[in-house]
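Novice: Sharing a structure here in structure tokens format.
Every number here is computed from the coordinates shown, using simple stated rules; none is lab data. Please read these numbers as outputs of a predicted model, since none were measured by experiment. For neighbour counting, all protein chains shown are included, and Cβ atoms are generated from backbone atoms with ideal geometry for every residue, glycine included.
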Amino acid sequence: MPSHGPELRKFVAPEVIFGVGSLQLAGQYARKLGGSKALVVSDPGVAAAGWAQQVLDSVEGADLASILYTQVSPNPRIDEATAGAGVYAEEGCDIILAVGGGSAIDCAKCIGLLSAYPGDIRDFLGVDNVRAPMPPTICIPTTAGTSADVSQFAVMMDSEVKRKRLIISKAVVPDLSLIDPATLTTMDAFLTACTGLDALVHALEAYVSLGHSPLTDVHALEAMRLISSSLLPSIAEPNNLAYREKMMLGSLEAGLAFSNASLGAVHAMAHSVGGLLDLPHGQCNALLLNGVVDFNYGHAEQRYRDAAVAMGLEVGGLSPGDIRKALAAEIRRLQEAAGLGGGLSQLGIHRTEVHELAEIALSDPCVVTNPRQPGQRDIEVIYEESL
Ligand SMILES: [Fe+2]
């Protein structure tokens with residue numbers, strides 16, 4: 001938002017408990033929030049890693065009943081949320097616990113919305129269109145990336161039209177987030193890379209967003225510092241809790257920043273690609289990041305300089321043009337070292353699809369806060385250069 005005169009700022013966040021062992025508080029807090037039967041939403045991978053069972057055990061230990069729902073795809077689908085809301089109603093649940101990455105958490109949020117106001121999730125799309133508050137909701141994130149556990153965003157796949165749909169509302173901020181860095185130790189290198197780069201993009205897009213404020217800047221900069229210094233070490237040493245803790249904290253801070261400042265063209269374009277081909281969200285972001293930074297650079301020069309400093313680059317004495325090159329090189333270095341180099345064509349995107357992808361990206365709510373307003377051709381060029 002441009003700064004003309006006094007501005008009002010708000011900052012929304014759930015209650016957060018951060019630290020190894022916080023997952024074990026799930027049952028106790030479910031009881032505190034008044035629950036008697038919990039729908040525990042997870043996905044098959046997280047369940048196989050054992051984290052869902054630990055949450056179920058904690059819930060049982062607090063004398064609450066529970067039922068596990070794991071019908072959640074990596075890009076969760078609207079019909080999976082609708083089916084989950086059916087289970088919630090049939091089983092007489094009164095609280096939702098989500099344990100997983102963005103997929104399980106976004107699906108759980110939509111189950112909550114549909115449980116409070118049955119119907120079609122498409123009725124709630126866009127900004128502030130939610131009709132009724134969700135039931136009490138606790139999130140236990142198992143990736144350091146999406147920060148759906150603290151954010152005002154829920155993203156679902158509309159398979160019928162191959163598009164990602166966004167719900168943006170403070171009504172989808174959960175009551176509580178139990179953030180336990182130990183859950184990150186079961187992520188493989190590819191998931192660590194995809195989610196970690198997603199978190200870095202959250203911080204960078206929030207920092208240059210037209211909706212940024214001093215309340216979000218402090219979190220965005222700290223997130224960039226933590227993620228850029230801990231991503232590669234956490235891939236190299238997956239069981240090193242010190243690195244995992246820094247990544248989890250970086251992801252949390254990036255989430256607090258973007259939830260309140262919103263995002264930009266990288267996310268708008270990544271949603272479009274991810275919707276068409278059902279691809280990993282963080283990988284789409286990673287491949288589009290440099291193209292968007294290059295497009296935006298002249299409209300947020302000082303902000304990108306701050307970002308370069310937060311990412312550990314020495315910029316003293318460098319011209320704006322040299323800082324731009326150094327930042328681009330650092331982003332490329334991180335992507336390639338994390339195993340996410342290359343271009344969109346390797347993921348199956350063709351030049352013939354660029355026009356339609358750009359049209360969809362331009363209608364994404366995230367494009368509104370990009371520091372430079374792109375037109376159809378601008379977006380097409382960024383896609384073409386990212387192929
Ligand atoms: Fe993201």
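Novice: Show me the three semi-axes of the equivalent ellipsoid for the chain, from the C-alpha gyration tensor (sqrt of 5 times each eigenvalue), largest first, rounded to whole Å.
Specialist: 33, 23, 20
Novice: Ok, one more. List every residue whose amide H lies under 5 Å from the amide H of ASP43, counting only residues 5 or more places away in sequence or on a different chain, with H placed 1.01 Å from N in the peptide plane.
Specialist: Counting only residues 5 or more places away or on other chains, the set is empty.
Novice: Mind ordering 201-212, 228-239 by average Cβ neighbours within 10 Å, highest first?
Specialist: Averaged packing, sorted descending, gives the order 201-212, 228-239.
Novice: Sticking with this structure for a sec: Which of rounded, prolate, oblate describes segment 301-387, given a ≥ b ≥ c as roots of the alpha-carbon gyration tensor eigenvalues and a/c under 1.5 marking rounded, otherwise prolate only if a/b is larger than b/c?
Specialist: oblate
Novice: When ranked by the protection proxy of mean other Cβ atoms within 10 Å per residue, highest first, what sequence do the peptides 213-219, 76-82 form?
Specialist: Answer by packing, highest mean first, reads 76-82, 213-219.
Novice: Residue by residue through segment 362-370, what is 3J(HN,Hα) from phi via Karplus (6.51 cos²θ - 1.76 cosθ + 1.60, θ = phi - 60°)? Round to whole Hz and write x for glycine and proline.
Specialist: Computed from phi, the couplings for segment 362-370 are 5, 8, 6, x, 5, 6, 4, 9, 4 Hz.
Novice: My understanding is that a pair violates if its Cα-Cα distance is over 19 Å; which of LYS109/LYS164; LYS10/LYS246; LYS246/LYS325; LYS10/LYS32 do that in this structure?
Specialist: From the list (LYS109/LYS164; LYS10/LYS246; LYS246/LYS325; LYS10/LYS32), the Cα-Cα distance tops 19 Å for LYS10/LYS246; LYS246/LYS325; LYS10/LYS32.
Novice: Rounded, prolate or oblate, given the Cα gyration tensor of segment 251-329, with a/c below 1.5 counting as rounded?
Specialist: Note, shape of segment 251-329 comes out prolate.
Novice: By how many nm would the segment from ARG377 to VAL127 lengthen if fully extended, with 0.36 nm per residue of separation less the alpha-carbon distance?
Specialist: Difference between extended and current length: 87.4 nm.
Novice: Where a ≥ b ≥ c are the square roots of the eigenvalues of the C-alpha gyration tensor, would you call segment 239-287 rounded, which needs a/c under 1.5, or, failing that, prolate if a/b is larger than b/c, or oblate?
Specialist: Cα axes put segment 239-287 in the oblate bin.
Novice: Modelling each spin label as a point 7 Å along the Cα-to-Cβ direction, I'd like the THR82/ALA48 distance in nm, to one decimal.
Specialist: 2.8
Novice: Follow-up. What FRET efficiency, computed as 1/(1 + (r/R0)^6) with R0 = 22 Å and r the Cβ-Cβ distance, is obtained for LYS170 and TYR117, rounded to the nearest 0.05? Intermediate values should be presented prior to the final figure.
Specialist: Working: r = 16 Å, r/R0 = 0.72.
Approximately 0.90, to the nearest 0.05.
Novice: How far apart, in nm, are two points set 7 Å out from the Cα along the Cα-to-Cβ line at GLU237 and at SER363?
Specialist: 4.9
Novice: Then there is this: Output the peptides 328-337, 272-281, 145-154 sorted from most to least packed, where packing is the average of other Cβ atoms within 10 Å over each peptide's residues.
Specialist: Top of the packing list down: 145-154, 272-281, 328-337.
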